[in-house]
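> Before anything else, here's the structure in question.
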Amino acid sequence: MSRDDDLPASTPPPTRRLMLKGAALAAGALAAAPGTADAAPKPKAAPFVNPLVRQRADPFVHRHADGFYYFTATVPDYDRIVLRRSRTLNGLATAAESVIWSKHATGVMGAHIWAPEIHRIGGKWYVYFASAPAESVWDIRIWVLENADPDPFRGTWVEKGQVKTAWETFSLDATTFSHRGTRYLVWAQHEPGMDNNTALWLSRMANPWTLTGPQIRLSTPEFDWECVGYKVNEGPAVLARNGRLFLSYSASATDHHYCMGLLTAAADADLMDPATWSKSPVPVFTGNDTTRQYGPGHNCFTVAEDGRSDVLVYHARPYKEITGDPLNDPNRHTRVQKLGWNPDGTPDFGIPVADTAADRSEGEL
């Protein structure tokens, strides 16, 4: 996106022109100027290839003003943060991968390096991730890295420390967004005294690593589909469209029961009022026996190379059967497909597409 980590606009602003031009050139041709009698049709975008990146869970893609897609995700060893970039989404599959940070040998940030996200805020790069002390691997908290270099593959990643929330309890899966001039953090955390694993929380931010003001609970696991194996709401992702904010999240255990729910708020409402947010009573994205994709979740949103078409990025496994703890099974693969829209302006997630298949629109983005 061309603005520092703002939510995607419904149509690309003028600052995206160079990005769109680059995408068209990569496709092999520029569309003829408007009004030209013999204008050639715009080339189709290449169909998405799935899985996009194997053994990369909790994927996050940031489309930046330089025309690149930046990709990071959880690795099966839970020991480092990796980064790739490509001018196309499909190109992320073969893009070189760099380790930009590794866990500490002892102490904090020494275990369970989970769910990194890369964001561009105020002219700097930030990575949000979850980790635990090497000596207490389930005391998982949210941490932040900062890099002032324009190129996140260069410069120094500085540890800005832990995001301090209201309690010192299990917390993870932080994402940040800016809306109407205010920056927010959404994350998952266990609330003391509550009979669940994690709920979703929202707070304003004083800076990219510090919360300010009240912290409100957006959602708790309450429906049966949110409570299979574990009572979980986690992995939030935010998209602004059609006068509303849509906040997707993941629920239940990380096996084939993992699925996605959706919260909705009016874009002009007070986001810090819990009553602003409505919750779908049914999951919006689940495993599918026909396409043989199971446990889809921990998604993010991006846009296709045309700068307009919304794309759903998520992970899933190609089988149900898992021996032992699902967290020890490495085959949660990063996947992409077009995000549809219903006539009422709400997102249509569809079903997880099959492996090696184009998305539901045959790649016509």
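Coordinate-derived values only; no laboratory data. It should be emphasised that the depicted structure is a prediction, and the values quoted were computed from it without experimental measurement. Quick reminder, even Gly has a Cβ in these numbers, built from the backbone with ideal geometry, and neighbours come from all protein chains shown.
> Yes or no: the range 130-150 includes at least one residue that is under 24 Å from Thr276 (Cβ atoms), in contact with a Gly (Cβ under 8 Å, 6 or more places away or on another chain) and surrounded by 16 or more Cβ atoms within 10 Å (Cβ to Cβ).
No, the range 130-150 contains no residue that is under 24 Å from Thr276 (Cβ atoms), in contact with a Gly (Cβ under 8 Å, 6 or more places away or on another chain) and surrounded by 16 or more Cβ atoms within 10 Å (Cβ to Cβ).
> Return a yes/no flag: does the range 88-110 have any residue that is charged (D, E, K, R), at negative phi and part of a strand (DSSP E or B).
No, the range 88-110 contains no residue that is charged (D, E, K, R), at negative phi and part of a strand (DSSP E or B).
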